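Reviewing the structure listed below.
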Amino acid sequence: MEETLIRNNYSEKEKNDIFNGEFLPHINSMYNFGFRLTLDRDDAKDLVQDTYLKAYRFIESFQKGTNAKAWLFRILKNSFINDYRKKTKEPSKVDYQEVETYYNSEDVNRQITPDLRVESLKDMIGDEISNALNSLDVDFRTVIILCDLEGFKYEEMAKILDIPIGTVRSRLHRARNLLKEKLSEYAKSMGYKNTEL
Amino acid sequence: MTPPHNPFIQADGKKPTCMEMLQVIIDGEASSEQQEYFKNHMNRCLPCFKSYDLDMAIKRLLKTKCCGGDAPTDLVDQIKMQISQNSPG
Ligand SMILES: [Zn+2]
């Protein structure tokens with residue numbers, strides 16, 4: 001994952017083996033990531049296609065047998081930021097200073113959404129959770145996707161996103177709280193009352 | 001009786017808050033020793049127990065509801081075609 005200068009001299013056969021055996025098996029995860037970032041199926045398709053073409057072009061900087069999924073996710077994330085986001089001019093709205101301050105404040109043990117209950121989640125059988133996720137700012141959405149949908153570790157996420165592990169942790173913390181706020185709004189609109197207050 | 005060693009304590013000796021321990025668990029970063037410790041802690045700490053339950057339920061819901069949607073069937077073919085067009089020979 002590091003920007004190493006190692007170049008592997010793969011034969012054509014080796015390249016194809018890596019591409020088919022290590023890259024293509026992640027196509028569904030990649031497409032889902034692309035879709036969750038762009039929120040558009042056609043854009044997701046373009047983004048994934050573009051990512052795989054880049055992956056093939058730079059295949060000699062990939063070390064056979066290492067973490068192909070993280071490597072591919074990083075390329076997709078960079079393509080999204082450099083190509084797609086610029087094109088659509090979607091600004092990043094996350095105030096990172098605020099995130100850090102929030103996490104380090106005394107409030108961390110306070111339960112943000114006491115009115116969200118496990119029982120109310122059971123009724124979210126439609127698109128509620130998906131809509132809640134999609135409504136988050138893209139940087140918050142991304143860490144939830146990487147951690148909860150794809151099971152990446154902090155260290156892998158830090159490399160995919162080019163941010164320190166501490167930032168991964170605090171961004172995840174904030175993202176989870178925002179998601180819970182959203183879900184409790186849904187829960188309320190579905191008729192659940194906070195009976196504890 | 002000495003209290004059990006807390007495997008969440010960092011090198012600097014700072015005692016972690018419940019929320020900090022919970023995040024390590026929810027984020028899937030806990031060692032088996034930490035998981036064991038937290039399971040015991042959770043049985044004595046209602047806020048942790050409730051938060052854990054809720055957070056894990058959300059995690060499961062995310063996984064079942066937001067992961068589907070396979071890539072379009074023609075996507076792999078399109079990618080392979082582009083590569084064969086672009087590569088020499
Ligand atoms: Zn606790």
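The values are calculated or read from the model by the stated rules, or taken from the named source; none is laboratory data. Nothing here was measured: the structure is a model prediction, and the numbers come from that model. Glycine gets a Cβ as well: all are built from the backbone with ideal geometry, and neighbour counts include every protein chain shown.
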Review point. Only one of (1) touching a Gly at 6+ places or on another chain (Cβ under 9 Å); (2) at pLDDT 95 or above fails for A:Trp71. Which number is that?
Key: (1)
Exercise for review: Kindly indicate which of A:Ser105, A:Ser120 is modelled with pLDDT under 95 and surrounded by 13 or more Cβ atoms within 10 Å (Cβ to Cβ).
Suggested key: A:Ser120
Exercise for review: For segment A:14-73, enumerate the residues that are outside any helix (DSSP H, G or I) and within 11 Å of chain B (Cβ to nearest Cβ).
Suggested key: none
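Check every one of the helices (runs of 4 or more DSSP H) wholly within chain B and list those with 2 or more residues that are within 14 Å of the ligand (Cβ to nearest atom) and surrounded by 17 or more Cβ atoms within 10 Å (Cβ to Cβ).
The qualifying helices (runs of 4 or more DSSP H) are B:18-26, B:32-44, B:46-66.
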Point to revise | Count - residues of segment A:19-76 that are basic (Lys, Arg) and closer than 17 Å to B:Ala71 by Cα | key: 4
Study note, to complete from the structure: Those residues of segment B:30-89 that are closer than 30 Å to A:Glu12 by Cα and facing chain A (nearest Cβ under 7 Å) come to a total of 9
